[in-house]
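Here's the structure, in C-alpha cells; my notes come after.
The values are calculated or read from the model by the stated rules, or taken from the named source; none is laboratory data. Computed from a predicted model, the values in this text were never measured in an experiment. Neighbour counts are summed over all protein chains in view; Cβ atoms, including those assigned to glycine, are modelled from backbone coordinates with ideal geometry. In case anyone asks, the SASA skips ligands and DNA or RNA and just uses the protein heavy atoms, side chains included. Shrake-Rupley method; radii C 1.70, N 1.55, O 1.52, S 1.80 Å.
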Amino acid sequence: WFSRIDPVFCSSTFWGEAISLAAAQSVLEQWGDDEVNYLWTIGNMLMSGLTKAGWNVIGDAPRSLLKFNSPEEQAFFIHGMMEENILMNRPNFPTMAHDVADVDRTVEASGRVREKYKVALERGTLEEMVKGKLPRVLFSGRR
C-alpha cells in the first residue's frame, strides 16, 4: 500500500497484453515476506540517503519520487547523475537486484551532484550548466 493521496497514473497502451501480467503473478506467488521487506528496507535506505543529501523525496520506499523545485534543478540532477554513471530521474523503483552498495553509490553521487548544484546557485551559473533541453512532463495534467 502506498500513502499517496493523489491519483496514481495508469496508461492503457498495453492493456491487451497479458504475458507481463502472468509474469507478475508468478513473481508474486513466489515472493514472501523476506522479499517484500527487502524492497522496503533498500527503498528506505535510498529515500533516507537522498533526503540527507539535500534532495526532496516523497512517497513510499518501494515507489518514491524526487520532487524538484524547477526544471533547471531536475535537469541539473539528471545530467549530474549521468556524469556519475548513474541513470536516474524522478521515480525510484528499487528491485531485488539492487544491493546496499548500489544505494551507497547512488546516495554518494547524489550528494556530490547536490554540492555542485548549490555552488551553481550561489554563483548564478545554473542555467549555463544545464546541458540539453529541460525535462518536461509528458502528460501535462500530472504533477
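Annotations
- Residues of the stretch 93-107 satisfying the condition of being open to solvent by 40 Å² or more (accessible area, probe 1.4 Å) and polar (S, T, N, Q): Thr95
- Look at (1) assigned to a helix (DSSP H, G or I); (2) out of contact with any His (no Cβ under 9 Å at 6 or more places or on another chain); (3) over 29 Å from Leu134 (Cβ atoms) and you find that Ile42 fails only one, number (2).
- Residue in the stretch 32-46 that is in contact with a strand residue (DSSP E or B) (Cβ under 7 Å, 6 or more places away or on another chain) and either open to solvent by less than 70 Å² (accessible area, probe 1.4 Å) or touching a residue at least 24 places away in the same chain (Cβ under 8 Å) (or both) present: yes
- Test: Glu83 is open to solvent by 50 Å² or more (accessible area, probe 1.4 Å) and over 28 Å from Trp40 (Cβ atoms): yes
- Residue in the stretch 19-28 that is open to solvent by less than 60 Å² (accessible area, probe 1.4 Å), among the small types (Gly, Ala, Ser) and not in a helix (DSSP H, G or I) present: no
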